[in-house]
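Step one of this worksheet: look at the structure below.
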Amino acid sequence: MQNMVILGATGSIGSSTLSVIEHNPEQYCVYGLVANASVEKMLQLCLKHKPRVAHMVDSTAAQALKEAIPANLNIDVTTGADELESLVTATQVDTVMAAIVGAAGLMSTYAAVKAGKRVLLANKESLVMSGELFMKAARENNATLLPVDSEHNAIFQCLPADIQANLGTCDLTASGISHILLTGSGGPFLTSDIAALSAMTPTQACNHPNWSMGPKISVDSATMMNKGLEFIEARWLFNTNKEQLKVVIHPQSVIHSMVQYKDGSVIAQMGNPDMRTPIAHCMSFPERIYAGVEPLDFFKVRELSFCEPDYLRFPCLALAMKACEQGQEATTVLNAANEIAVDAFLNEKIKFTDIARVNESCLERVSHSALGTIEDIMALDGQARIIANEAIKSIN
């Protein structure tokens, strides 16, 4: 029986994780649930799953939840950064699902890694912001790191066992690997007229053709910044150089990513677009469990198509790839700027195409410095957010 803490319990990944747990109640126990401020959603989860701890980032929400939970359930409701760190590092906790979106998930995920936990990584920003420090902490503390993002999980499944056991320090070339092929659907605007993109609304941007995701990740998929962040994440997970990592547009989202070997072989991981599959794989690795997902029916798959990314259509992808080459400072700045820009777009303060403009402006304006600690990274993150807000004001 694994005791699990789910960071981001009320989000889409959190919901999918709880679904997998429900299908395997004899193997997994919900020890802790963490959310930001969704009191009603968290209350329903507490009533159903009866965690030992329910943590709310928002202190007002925590008080409301505490008053709403029946006393006989004996659920400890907490709030505050110290209490969250205590939860993810508790000796009773075996596995932490890191599914808080954005920079907000870094500190709790990093704490779990430093505590040597089994960390199921859905928060790609942890590696985008602090890849070198994060992977070093995982090695030094014997943490088990398993990638949940469907693309990185697919890559992981297609790799030899020696690479799987040495994430971050693996030698792809020595294992006969020539390229990692990171697939992406292209989002809802793959075939839209580029000239019309500036008029696209938040509703249109969030209407992903294949996946059900939260608003921020949906917009990132529409700009393909999500693929750019995944490019950076893959660089740290699989110790790649820029020549070894390629992005491939695959609109059907059936092949979740591929690994190309020097003998000409390509190994692909395929499945229906359902996050419960990679979540179940990470939860049970190296075994397999039932995820509640229907297997892929090849007789219903009409076609599999592929194309190269168009960087004029997806400038955010190009910016992320450039930042990855520049280093940790650039990727930290880009992530912060993008979070501010996407939020502004979702609140109809800027146009869809302005997201890339804000991101590029911040990369040009923020002064980079050495990032030796997590505190350095968070300071740079804060600086980039200030400049991003200034850039948004200048657009308006």
Original post:
For the stretch 174-211, which residues satisfy the criterion of being without any contact (Cβ under 8 Å) to a residue 60 or more places away in the chain, open to solvent by 60 Å² or more (accessible area, probe 1.4 Å) and not in a loop (DSSP other than H, G, I, E, B)?
Top reply: ALA174, ALA195, THR203, GLN204
**OP:** Take the stretch 88-102 and flag every residue that is open to solvent by 10 Å² or more (accessible area, probe 1.4 Å) and assigned to a helix (DSSP H, G or I).
**Re:** THR89
Subject >> Residue satisfying condition, being farther than 30 Å from CYS29 by Cα and surrounded by fewer than 17 Cβ atoms within 10 Å (Cβ to Cβ), within set GLU360, GLU294, GLU329, GLU308 >> reply: GLU308
**OP:** Filter the stretch 291-309 for residues that are within 25 Å of GLY214 (Cα to Cα) and touching a residue at least 60 places away in the same chain (Cβ under 8 Å) and give the result.
**Re:** ALA291, GLY292, PRO309
Original post:
For the stretch 244-272, how many residues meet the condition of being touching a residue at least 12 places away in the same chain (Cβ under 8 Å), out of contact with any Phe, Trp or Tyr (no Cβ under 6 Å at 6 or more places or on another chain) and assigned to a loop (DSSP other than H, G, I, E, B)?
Top reply: 9
Original post:
When the stretch 175-229 is examined, which residues are found to be among the charged types (D, E, K, R) and under 18 Å from LYS351 (Cβ atoms)?
Top reply: ASP193, LYS216, ASP220
Original post:
Quick one: which of GLU83, GLU40 is part of a helix (DSSP H, G or I), open to solvent by 10 Å² or more (accessible area, probe 1.4 Å), of a type outside the set (Gly, Ala, Ser) and in contact with a His (Cβ under 7 Å, 6 or more places away or on another chain)?
Top reply: GLU83
Subject >> Only one of LEU133, LEU167 that is in a helix (DSSP H, G or I), aliphatic (A, V, I, L, M) and open to solvent by 10 Å² or more (accessible area, probe 1.4 Å) >> reply: LEU133
Original post:
Taking the stretch 291-332 on its own, how many of its residues are more than 24 Å from MET224 (Cβ to Cβ) and either in a helix (DSSP H, G or I) or acidic (Asp, Glu) (or both)?
Top reply: 2
Subject >> Flag if VAL128 is open to solvent by 30 Å² or more (accessible area, probe 1.4 Å), of a type in the set (Val, Ile, Thr) and closer than 29 Å to VAL254 by Cα >> reply: no
Original post:
Among the residues of the stretch 363-396, how many are basic (Lys, Arg), farther than 19 Å from LYS216 by Cβ and surrounded by 14 or more Cβ atoms within 10 Å (Cβ to Cβ)?
Top reply: 1
Subject >> Among the candidates LEU106, LEU65, residue that is part of a helix (DSSP H, G or I), over 25 Å from the mean Cα position of the chain (by Cα) and either modelled with pLDDT under 95 or not hydroxyl-bearing (Ser, Thr, Tyr) (or both) >> reply: LEU65
**OP:** Go through LYS262, LYS300, LYS242 for me and flag whichever is at pLDDT 95 or above and basic (Lys, Arg).
**Re:** LYS262
Subject >> ALA62 vs. criteria closer than 19 Å to PRO215 by Cα and of a type outside the set (Asp, Glu) >> reply: no
Subject >> Complete set of residues in the stretch 219-251 that are in contact with a His (Cβ under 9 Å, 6 or more places away or on another chain), polar (S, T, N, Q) and surrounded by 23 or more Cβ atoms within 10 Å (Cβ to Cβ) >> reply: SER221
Subject >> Those residues of the stretch 45-61 which are of a type in the set (Gly, Ala, Ser), touching a strand residue (DSSP E or B) at 6+ places or on another chain (Cβ under 9 Å) and surrounded by fewer than 22 Cβ atoms within 10 Å (Cβ to Cβ), in sequence order >> reply: ALA61
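The values are calculated or read from the model by the stated rules, or taken from the named source; none is laboratory data. All of these numbers come straight from a predicted model, not from anything done at the bench. Note that each Cβ is placed from the backbone with ideal geometry, even for glycine, and that neighbours are counted across all protein chains shown. Accessible surface is based on the protein model in full, side chains and every heavy atom, while ligands, DNA and RNA are left aside. Shrake-Rupley method; radii C 1.70, N 1.55, O 1.52, S 1.80 Å.
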